[in-house]
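Everything on this sheet refers to the single structure shown next.
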Amino acid sequence: MKNKIISITLSIFLAGCVFGQQQPSRDVSKESARSSQEWVKDAVIYQIWERAYSQKGDFSAITTDLDRIRSLGVDVLWLMPVHPIGQVKKKGTIGSPYAVRDYYGVNPEYGTPADLKRLVAEAHKRNLKVIIDVVLNHTAWDNKLITEHPEYYKKNEKGEIVPPVPDWADVAGLDYSKPELRRYIIDNLKSWIREYDLDGFRCDVALFIPTDFWEQARAEVDTVKPNTIWLAEAEKPDLLVRAFDVDYAWNMHSTLTEVLQGAKPASALRKLWEEQLATNPRGALRMRFSDNHDERRAIARFGEKGALAAQALVFTLDGLPLVYNGMEAGDTAESGAPALFERLPIFWQFAERRPEFPRFYQSMIAMRKSSVALRRGSVAWLRNSDEARVLTFARRSGGEELVVAVNMSNAPYFGSVEVSGQFEEITPNVGSPLPPDDEKAAAAKTPGIGLPTLSLDGFGFRIFRRK
């Protein structure tokens, strides 16, 4: 989705005001979420921005790097839009990948259809799933549908085709009240699965498109390949009942940013989690993230330690964690602004300067893979002696129980957690050694010591397993 000059909440409001089609999600709190494949429930998603991934910025560079990607432990590769980019009314020098010029085409800057098929095939050989980003709410102004089927588009009172939101002037909004448009889009989705053997879709601004369309599309695409994953860029609970496996935890991300920047207490995250648990369908899967293509890099917003603390929460809270390419290297290429309209390659050499970043990602994902409690366990929030700064919670499944503590502030913490029993520390050793004079923190980090008394560095995190 395009750079969020306006917030996602305001975007939704504007779209509803302009077109009168954005309806609130119905109450689905007593319904069950869609039943997903077992591999979906355990997945770690890795987002790839083709243009930024390498100096070449093409599919072949990604294919060459698949072994490294696989070594991280991720499961699903999400490729940002692979389609040709519109040039009419484009933003920036190159234009946005979310202004699609041809729904059936492959961006020649990234390679050929054969190159994309090879990338998917090689990923499958490494047990990696591949999904592509589809942008079905709007098209570029030079998409052939503009001239061939102008009736597919939203229009103002003068009969002029208009953007879906005024700020998105580089795209034209599609009108899903038209059955012919729905048929065109569903046939297109089926062709991508059939021709490229894809494993699903990430659906841009899915909340702007009627839920009944998504339910129809999912049912039809499942007849081509049933065991797929559909990710909604939306926070609209009814989408999770029959259409989508996973959605964006957008509000959690926004609150995480406010907490780490000192605008809200850490307890605001727990409060929001509890509110959303009560409104989502039972068993809903949420995608948790601290960074993505719509935001400035987390390392720029929170600092190095803050970025690791944010992602530690993402990896240990319930839901599916996202890793945005370059995070694992401590990349700061997009520190000023997301590079949606220009070319700004990831500076992979940062991994040599910040070795704690690749160690963190590999070890945290490995720990998640080894723990049923982290992947699928329940969440029980635990009280601590400074809930304005520190989050503490337990993840439980069967006989396994882990306790996670994350300091959401830059000041050291020494206090207590309301927990009983004996625990051993399993926090991956990814950071720099403690200062020699920090004896209190060093003692608290000794294996077998640390609960119920707990010490955390500024933006520190610790993970314990019940003995």
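The values are calculated or read from the model by the stated rules, or taken from the named source; none is laboratory data. Values in this document were obtained by computation on a predicted structure and should not be read as measured data. When we count neighbours, we look across all protein chains shown, and the Cβ atoms used for this are built from the backbone with ideal geometry, even at glycine.
Among the residues of segment 296-321, the ones that are over 17 Å from Arg395 (Cα atoms) and surrounded by 20 or more Cβ atoms within 10 Å (Cβ to Cβ) come to 9 in all.
Criterion first (assigned to a helix (DSSP H, G or I), under 16 Å from the mean Cα position of the chain (by Cα) and acidic (Asp, Glu)) does Glu328 satisfy it?
On the way: assigned to a helix (DSSP H, G or I): yes; under 16 Å from the mean Cα position of the chain (by Cα): yes; acidic (Asp, Glu): yes.
Judged against the criteria, Glu328 is a match.
Scanning segment 61-110 for residues that are polar (S, T, N, Q), within 29 Å of Asn127 (Cβ to Cβ) and surrounded by fewer than 16 Cβ atoms within 10 Å (Cβ to Cβ) yields Thr64, Ser71. For segment 370-403, the set of residues classified as surrounded by 15 or more Cβ atoms within 10 Å (Cβ to Cβ), charged (D, E, K, R) and outside any loop (DSSP other than H, G, I, E, B) consists of Arg375, Arg395, Arg396, Glu401, listed by residue number. Surrounded by fewer than 16 Cβ atoms within 10 Å (Cβ to Cβ) and assigned to a loop (DSSP other than H, G, I, E, B): does that describe Asn127? Yes: the conditions hold for Asn127.
For first residues located in segment 248-265 and not assigned by TED's automatic domain parsing to the domain that holds Trp230 and at pLDDT 95 or above, partners that are surrounded by fewer than 19 Cβ atoms within 10 Å (Cβ to Cβ) and in a helix (DSSP H, G or I) and lie 6+ apart or on another chain with Cβ distances below 9 Å do not occur. Selection of segment 281-307 for residues being within 30 Å of Asp238 (Cβ to Cβ) and more than 18 Å from the chain's Cα centre (by Cα) yields Pro281, Arg282, Gly283. Within the span defined as segment 38-50, one or more residues are out of contact with any strand residue (DSSP E or B) (no Cβ under 8 Å at 6 or more places or on another chain) and over 21 Å from Phe289 (Cβ atoms). When you scan segment 23-117 for helices (runs of 4 or more DSSP H) that lie fully inside it, which ones turn up with 2 or more residues that are farther than 27 Å from Val246 by Cα? Because the criterion is at least 2 residues that are farther than 27 Å from Val246 by Cα, the helices (runs of 4 or more DSSP H) in segment 23-117 that meet it are 59-64. Put simply, of Ile85, Ile69 the only residue that is in contact with a Gly (Cβ under 7 Å, 6 or more places away or on another chain) and at pLDDT 95 or above is Ile85.
Within segment 20-34, the residues that satisfy the criterion of being of a type outside the set (Val, Ile, Thr) and at pLDDT 75 or above are Ser25, Arg26, Asp27, Ser29, Lys30, Glu31, Ser32, Ala33, Arg34.
Scanning segment 148-190 for residues that are in a loop (DSSP other than H, G, I, E, B), of a type outside the set (D, E, K, R) and modelled with pLDDT of 95 or more turns up His149, Asn156, Gly159, Val162, Pro163, Pro164, Trp168, Ala169, Tyr176, Ser177. Of the residues in segment 108-128, not one is touching a Ser or Thr at 6+ places or on another chain (Cβ under 7 Å), without any contact (Cβ under 8 Å) to a residue 60 or more places away in the chain and aliphatic (A, V, I, L, M). Can you list residue pairs whose Cβ atoms sit under 6 Å apart, with the first residue in segment 75-89 being touching a residue at least 12 places away in the same chain (Cβ under 8 Å) and the second being of a type in the set (Lys, Arg) and in a loop (DSSP other than H, G, I, E, B)? Count only pairs 6 or more apart in sequence or on different chains. Taking only residues 6 or more apart or on different chains, the pairs are Pro84/Arg101; Gly86/Arg101. Being over 30 Å from Phe59 (Cα atoms), surrounded by fewer than 17 Cβ atoms within 10 Å (Cβ to Cβ) and free of Cβ contacts under 8 Å to residues at least 60 places away in the same chain is the requirement here; does Lys155 meet it? Against the criterion (over 30 Å from Phe59 (Cα atoms), surrounded by fewer than 17 Cβ atoms within 10 Å (Cβ to Cβ) and free of Cβ contacts under 8 Å to residues at least 60 places away in the same chain), Lys155 qualifies. Residue count for segment 92-117 satisfying the condition of being on the phi > 0 side of the Ramachandran plot and in contact with a helix residue (DSSP H, G or I) (Cβ under 8 Å, 6 or more places away or on another chain): 1.
Every test in (1) hydrophobic (A, V, I, L, M, F, W, C); (2) at pLDDT below 95; (3) more than 19 Å from the chain's Cα centre (by Cα) is passed by Met1 save one, and that test is (3). With respect to the conditions (1) surrounded by fewer than 16 Cβ atoms within 10 Å (Cβ to Cβ); (2) at pLDDT 95 or above; (3) touching a Lys or Arg at 6+ places or on another chain (Cβ under 9 Å); (4) of a type in the set (A, V, I, L, M), Met327 falls short on a single one, namely (1).
Please work out if Thr112 is β-branched (Val, Ile, Thr), touching a Phe, Trp or Tyr at 6+ places or on another chain (Cβ under 8 Å) and in the same structural domain as Lys56 (by TED's automatic domain parsing). Answer is no for this residue.
Here the helices (runs of 4 or more DSSP H) wholly within segment 221-324 that include at least 3 residues being farther than 30 Å from Asp197 by Cβ are 250-260, 267-279, 298-316.
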